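The values are calculated or read from the model by the stated rules, or taken from the named source; none is laboratory data. Predicted, not measured: the structure shown is a model, and the values here were computed from it. Cβ atoms come from the backbone with ideal geometry, glycine included; neighbour counts cover every protein chain shown. Just the protein is used for accessible areas: all its heavy atoms, side chains included, with ligands, DNA and RNA removed. Shrake-Rupley method; radii C 1.70, N 1.55, O 1.52, S 1.80 Å.
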Amino acid sequence: MRVFDELCPAPPDWQVPWPRIRDAFAWVRDMAGVPQDAVFHGEGDVETHTRMACEALASMPQWRARPRDERVRLFTAVLMHDIAKPHCTSIDDEGRVTARGHSRRGDLMVRAILWEMGAPVAWREHVAALVRHHQVPFWALERPDLQQIAFRVSLMARNDDLVLLASADILGRICPDTDELLDNVALYGEYCAEQECLDGPRAFPSDHARFWYFRKPGRDAGYAAYDDTRLTVTVLSGLPGVGKDHWIAANRPDVPVVSLDRIRAELGVSPAGDQRAVAAAAHEQAREHLRAGRSFVWNATNVSRAQRDLCTGLAARYRGRIEIVALEAPPEVVRERNRRRDAPVPDAVIDRLVRRWETPDPTEAHRVDWVTTA
């Protein structure tokens, strides 16, 4: 990403050009004046903390030793790690400041912003995953699902990046628990090294073993699960206008399709209307294929993980092999294609879908493909 490359600290002085960063990004300026918990953030507002975190990262020998492209990507993650705080911060009656849910919402905001900026998919998803999980190392050793989290991060980004991000987050604040938090982050890094997922993706015996590891809590990651799948369900995911119908015609021309657009047309339901009847009809069609042991395509936007889980969970119960195809196109292409449709989706609906958009990741299926259609 050129703009982040130009703003990323570089030798010989490694200075963070904060005035230029503020000028470049409205979401940085939005952080100004947003309060934080005074105990964990004695430095002041969110902008001050973000600047200090970026400066802390720029001073780290481990970060400076990385290749240029990795430095830029990690600097971007630190710059954006608290991007959602202006939208999540609240103050209760006793004056306590909280920003609940800012990591997850930050993931969604980062994806939408970097998509609009034309960032490469893998690069964007790496940054978004780091933002979503940036608080994990602080309290990781208290979590019963730590192994799953560490493995998931390794498949979506890198845990050594997460360790540096969390360290910069801590050093970029005034907090009495700094040493304790840094110790926790270091322990998280050691744990990831022991679990063989610190600087690369965790290996699994097979895609079937990986799929069921993430669906069954407590499952042994090294267990080579017997593959008893009997059909394949191809779940499409993508905004209106990315070209799902064209992809099906080119890649699955002879496979039955459960199409929510088709069901909507048959039921006379608008894309902006109540979708419950549409979803129920789609699931009934899917069950008919699953009971018969027929492979099929599930054609819907499926932009959130919760939506996809309804599809993949049903298929898994019928011993389906699940592949997810995440289709994308640049924003201007999506909007132009949508305008040319016989029944365009309202812009407000597309905007709402973008705000909820979670790109599929390798923990959700036997196989996940990211496909750009432009």
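Which of the residues belonging to segment 54-100 are over 22 Å from the mean Cα position of the chain (by Cα) and of a type in the set (G, A, S)?
A56, A58, S59, A65, S90, G95, listed by residue number.
Which residue pairs have Cβ atoms under 9 Å apart, sit 6 or more places apart or on different chains, and have a first residue in segment 195-214 that is closer than 19 Å to D369 by Cβ and a second that is of a type in the set (F, W, Y) and in a loop (DSSP other than H, G, I, E, B)?
If the second residue must be of a type in the set (F, W, Y) and in a loop (DSSP other than H, G, I, E, B), the pairs left are H208/Y226; R210/F204; F211/F204.
Are any residues in segment 128-157 part of a loop (DSSP other than H, G, I, E, B) and among the charged types (D, E, K, R), and if so, which ones?
If the condition is that a residue be part of a loop (DSSP other than H, G, I, E, B) and among the charged types (D, E, K, R), then R143, D145 are the ones that fit.
Can you pull out every residue in segment 233-256 that is within 27 Å of R356 (Cα to Cα) and β-branched (V, I, T)?
Listed by number, the residues that qualify are V233, T234, V235, V242, I248.
Considering L198, L141, L187, which residue is open to solvent by 20 Å² or more (accessible area, probe 1.4 Å), of a type outside the set (D, E), over 28 Å from W27 (Cβ atoms) and at pLDDT below 95?
L141
Go through segment 185-218 and report how many residues are over 17 Å from G313 (Cα atoms) and not polar (S, T, N, Q).
Total satisfying the criteria: 21.
Going by what's in this entry, would E364 be described as surrounded by fewer than 16 Cβ atoms within 10 Å (Cβ to Cβ) and either in contact (Cβ under 8 Å) with a residue 40 or more places away in the chain or in a helix (DSSP H, G or I) (or both)?
no
Can you say whether H134 is of a type outside the set (F, W, Y), open to solvent by 10 Å² or more (accessible area, probe 1.4 Å) and closer than 29 Å to D220 by Cβ, as far as the supplied structure shows?
Working: of a type outside the set (F, W, Y): yes; open to solvent by 10 Å² or more (accessible area, probe 1.4 Å): no; closer than 29 Å to D220 by Cβ: yes.
Here the answer is no, as H134 does not meet what is asked.
Hey, can you tell me all the residues within segment 5-20 that are surrounded by fewer than 19 Cβ atoms within 10 Å (Cβ to Cβ) and either modelled with pLDDT under 95 or in a helix (DSSP H, G or I) (or both)?
Correct list: D5, E6, W18, P19, R20.
Per-residue answers, yes or no, for (1) surrounded by fewer than 20 Cβ atoms within 10 Å (Cβ to Cβ); (2) assigned to a loop (DSSP other than H, G, I, E, B):
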site: M31; (1), (2): no, yes
site: V39; (1), (2): yes, yes
site: I113; (1), (2): yes, no
site: G118; (1), (2): yes, yes
site: H126; (1), (2): no, no
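Scan segment 164-177 for residues that are open to solvent by less than 30 Å² (accessible area, probe 1.4 Å) and part of a helix (DSSP H, G or I) and jot them down.
Selection gives L164, L165, A166, S167, A168, D169, I170.
As an exercise: evaluate L327 against (1) open to solvent by 50 Å² or more (accessible area, probe 1.4 Å); (2) closer than 22 Å to A374 by Cβ; (3) in contact with a strand residue (DSSP E or B) (Cβ under 6 Å, 6 or more places away or on another chain) and give the number of the one condition it does not meet.
Evaluating L327 over (1) open to solvent by 50 Å² or more (accessible area, probe 1.4 Å); (2) closer than 22 Å to A374 by Cβ; (3) in contact with a strand residue (DSSP E or B) (Cβ under 6 Å, 6 or more places away or on another chain) leaves (1) as the failure.
Restricting the search to segment 306-324, which residues are surrounded by fewer than 16 Cβ atoms within 10 Å (Cβ to Cβ), touching a residue at least 60 places away in the same chain (Cβ under 8 Å) and under 30 Å from E116 (Cβ atoms)?
none
Would you confirm, using the coordinates I've provided, whether P205 is open to solvent by 40 Å² or more (accessible area, probe 1.4 Å), assigned to a loop (DSSP other than H, G, I, E, B) and not small (G, A, S)?
Judged against the criteria, P205 is a match.
Condition first: hydroxyl-bearing (S, T, Y) and either in contact with a helix residue (DSSP H, G or I) (Cβ under 6 Å, 6 or more places away or on another chain) or open to solvent by less than 10 Å² (accessible area, probe 1.4 Å) (or both). Now tell me which residues in segment 224-258 satisfy that.
Those that are hydroxyl-bearing (S, T, Y) and either in contact with a helix residue (DSSP H, G or I) (Cβ under 6 Å, 6 or more places away or on another chain) or open to solvent by less than 10 Å² (accessible area, probe 1.4 Å) (or both): T234, S237.
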